[in-house]
1. Quote the relative contact order of the stretch 86-178 in percent (integer), defining contacts as alpha-carbon pairs under 8 Å separated by 6+ residues.
2. Once fully extended, how much extra length lies between residue 47 and residue 83, figured as 0.36 nm per residue of separation less the alpha-carbon to alpha-carbon distance?
3. Rounded, prolate or oblate: which fits the stretch 86-178 when a ≥ b ≥ c are the square roots of the eigenvalues of the alpha-carbon gyration tensor, with rounded for a/c under 1.5 and prolate only if a/b beats b/c?
4. Using the beta-carbon distance between residue 39 and residue 149 and R0 = 35 Å, what value does 1/(1 + (r/R0)^6) give for FRET efficiency, to the nearest 0.05?
5. Taking 7 Å along the Cα-to-C-beta vector as the label spot, tell me the residue 169-residue 181 distance in nanometres, rounded to one decimal.
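What follows is calculated from the coordinates using simple rules that are stated; it is not laboratory data. These numbers come from a predicted model, not from an experiment. Using ideal geometry, Cβ is built from the backbone for each residue, glycine included, and neighbour counts are taken over all protein chains shown.
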């Protein structure tokens, strides 16, 4: 008799466990959001200072997120807040050129090849005061295109498709020419 009662109790508990999630669906007071998670405020209302706390579970062994040793999620998240990027996504998820680094970035076809022209902000400098320019672009390409095995890179994707990185019309213009079309060139 006890075995039969126990089997029924287990069956009831099992059935309740199966059905319970379906009863949690929606409530009359539940409201769908608009999908945004940005607490947007006018820049004029923002003040200097404050404290930002970021949980870091490990010490980054290498702050170069393009290197195998530095390609840890927590290191990449921290470095993304500090390293320069020529593009960013605005509040509507549209790609924008960061005017701190470039006046414009334009992709086109020249001689049948995909070409990207970076018109740099002439005031763009590294933290040591050196101007951002052609040497930086060439150095990044050489390190990340995958031909020099002394660089322990995470990936050469995109960089291996670049044919050349050259000076444009002036010192503030960089022309990147691709061997073949590469749709995801923006993050390079």
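1. Working: 148 pairs, mean separation 22.2, N = 93.
That works out to 24 percent.
2. Numbers: separation 36, 0.36 × 36 = 12.96 nm, distance 2.26 nm.
Gain on extension, residue 47 to residue 83, equals 10.7 nm.
3. Numbers: a/c = 1.34, a/b = 1.21, b/c = 1.10.
The shape class here is rounded.
4. Values: r = 46 Å, r/R0 = 1.31.
Efficiency, rounded to the nearest 0.05: 0.15.
5. My value for the distance between the label points is 2.7 nm.
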